[in-house]
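J.: Just passing along the structure, written as structure tokens.
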Amino acid sequence: SQTIHQWPATLVQPVGSPLSLECTVEGTSNPNLYWYRQAAGRGLQLLFYSVGIGQISSEVPQNLSASRPQDRQFILSSKKLLLSDSGFYLCAWIRDRGGGYTFGSGTRLTVV
Amino acid sequence: QKEVEQNSGPLSVPEGAIASLNCTYSDRGSQSFFWYRQYSGKSPELIMSIYSNGDKEDGRFTAQLNKASQYVSLLIRDSQPSDSATYLCAVMDSGYSTLTFGKGTMLLVSP
């Protein structure tokens, strides 16, 4: 069966520090992968998506970046965090085009 | 810009009642529609998908779709306190399989 892993579960980082969040999917190949952010009181915002290795599409201009070094690995990064980067970061994958996402357990990031 | 609108709630219903959650969307080309349930502090969980006009039933849940009116709804019959959560409506575009989410409706089911 397919599973999606995200870590860490929680993170507290100072302003200006770097960030790296990792997401991996098991039990499938060539999935579409997504990074969403859910800020307090706001809806789910699509940040990046990837349809294959090295293929990244950005939805929102910001100080975040994403990479897909392997088929089942998706990484969200920042060189310098801002207070506004705080939120609940969710990785998701989709098996069938047009089907629903399956989300990872999420990373709650607090920038202080 | 694609938009998905939901009432933020909270929607309060007594245990055993029917809860009705509504959603409208702006992209007429959308073909796939989803309902997610999100408990506080947890990630969203897919509970229903619907692709054709009409009703789709799964246990206590019924999703309804009206593409002409750009309207999706979710009915929860025999509501239970464990159904208390935020329900997110999501609409998929016809291009790269990206979902646009509404901000969610909080449902509170009182015993």
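The values are calculated or read from the model by the stated rules, or taken from the named source; none is laboratory data. Model, not experiment: these values are computed from the prediction. Cβ sites come from the backbone with ideal geometry, for glycine too, and all protein chains shown count toward neighbours. Surface areas here come from the heavy atoms of the whole protein model, side chains and all, with no ligands, DNA or RNA. Shrake-Rupley method; radii C 1.70, N 1.55, O 1.52, S 1.80 Å.
J.: Within the stretch B:1-107, what percent of beta bridges assigned by DSSP are antiparallel, to the nearest 5?
T.: On the way: 37 of 38 bridges.
Expressed as a percentage, antiparallel bridges in the stretch B:1-107 total about 95.
J.: Nearest 100 Å², what total accessible surface is buried between chain B and chain A (probe 1.4 Å)?
T.: On the way: alone 6080 and 6040 Å², together 10610 Å².
Using a 1.4 Å probe on protein heavy atoms, the buried area is about 1500 Å².
J.: Over chain A, calculate the relative contact order: mean separation of alpha carbon pairs under 8 Å at least 6 apart, over the residue count, as a percent. Mind dumping the intermediate values first?
T.: Working: 279 pairs, mean separation 39.9, N = 112.
Relative contact order for chain A comes out at 36 percent.
J.: Could you tell me which GluC sites (Glu not before Pro) in the stretch B:1-106 are loop residues by DSSP with no more than 11 other beta carbons within 10 angstrom of their beta carbon? It would help to have the intermediate numbers written out before the result.
T.: Values: sites: B:Glu3, B:Glu5, B:Glu15, B:Glu45, B:Glu57; in loops: B:Glu3, B:Glu15.
Passing sites in the stretch B:1-106 are B:Glu3.
J.: If you take the square roots of the eigenvalues of the alpha-carbon gyration tensor of the stretch A:36-97 and sort them as a ≥ b ≥ c, do you get rounded (a/c under 1.5), prolate (a/b over b/c) or oblate? Before the final figure, lay out the partial values.
T.: Numbers: a/c = 2.26, a/b = 1.43, b/c = 1.58.
The shape class here is oblate.
J.: How much of the accessible area of chain A, in percent, comes from carbon and sulfur atoms when a 1.4 Å probe is used?
T.: On the way: 2690 of 5290 Å².
Using a 1.4 Å probe with all protein chains present, chain A comes out at 51 percent carbon and sulfur.
J.: A further question on this structure: Below 16 Å, Cα to Cα, which lysines can B:Lys56 reach? Residues fewer than 8 away in the same chain don't count.
T.: Partners within reach: B:Lys67.
J.: A further question on this structure: Rounded if a/c is under 1.5, else prolate if a/b beats b/c, else oblate: with a ≥ b ≥ c from the C-alpha gyration tensor eigenvalues square-rooted, which is the stretch A:1-66? Could you put the intermediate results ahead of the total?
T.: Values: a/c = 1.70, a/b = 1.41, b/c = 1.21.
Prolate shape, in that a/c is at least 1.5 and a/b is the bigger ratio.
J.: Write down the accessible area per residue of chain A in Å², having rolled a 1.4 Å probe over the full set of protein chains. List each step's numbers first, then the result.
T.: On the way: 5290 Å² over 112 residues.
So chain A comes to 47 Å² accessible per residue, rounded to a whole number.
J.: Report in % the part of the accessible area of chain B that belongs to carbon and sulfur, leaving out ligands and nucleic acids; probe 1.4 Å.
T.: Working: 2500 of 5320 Å².
After summing per-atom areas, the C and S share lands at 47 percent.
J.: At 1.4 Å probe size, with every protein chain present, just tell me what the per residue accessible area of chain B comes to in Å². All intermediate terms of the calculation are to be shown ahead of the outcome.
T.: Numbers: 5320 Å² over 111 residues.
Heavy-atom accessible area per residue stands at 48 Å².
J.: Here's something else I'd like to know. Grab the other residues whose beta carbon is less than 9 angstrom from that of A:Leu33, score K and R as +1, D and E as -1, and report the net. If you can, show how the numbers build up before the last one.
T.: Details: positive: A:Arg68, A:Arg72; negative: none.
After counting each charged neighbour, the total is +2.
J.: In terms of the Cα gyration tensor, with a ≥ b ≥ c the square roots of its eigenvalues, is chain B rounded because a/c is under 1.5, prolate because a/b exceeds b/c, or oblate?
T.: Values: a/c = 2.00, a/b = 1.60, b/c = 1.25.
Verdict is prolate for chain B.
J.: In addition: Give me the inter-chain shielding for A:103-111: mean count of other chain Cβ atoms within 10 Å, whole number please.
T.: On the way: counts 7, 1, 2, 4, 0, 1, 0, 0, 0.
Mean number of neighbouring Cβ atoms from other chains: 2.
J.: Which distance in Å, rounded to a whole number, links the C-alpha centroids of the stretch A:32-57 and the stretch B:45-95?
T.: 23
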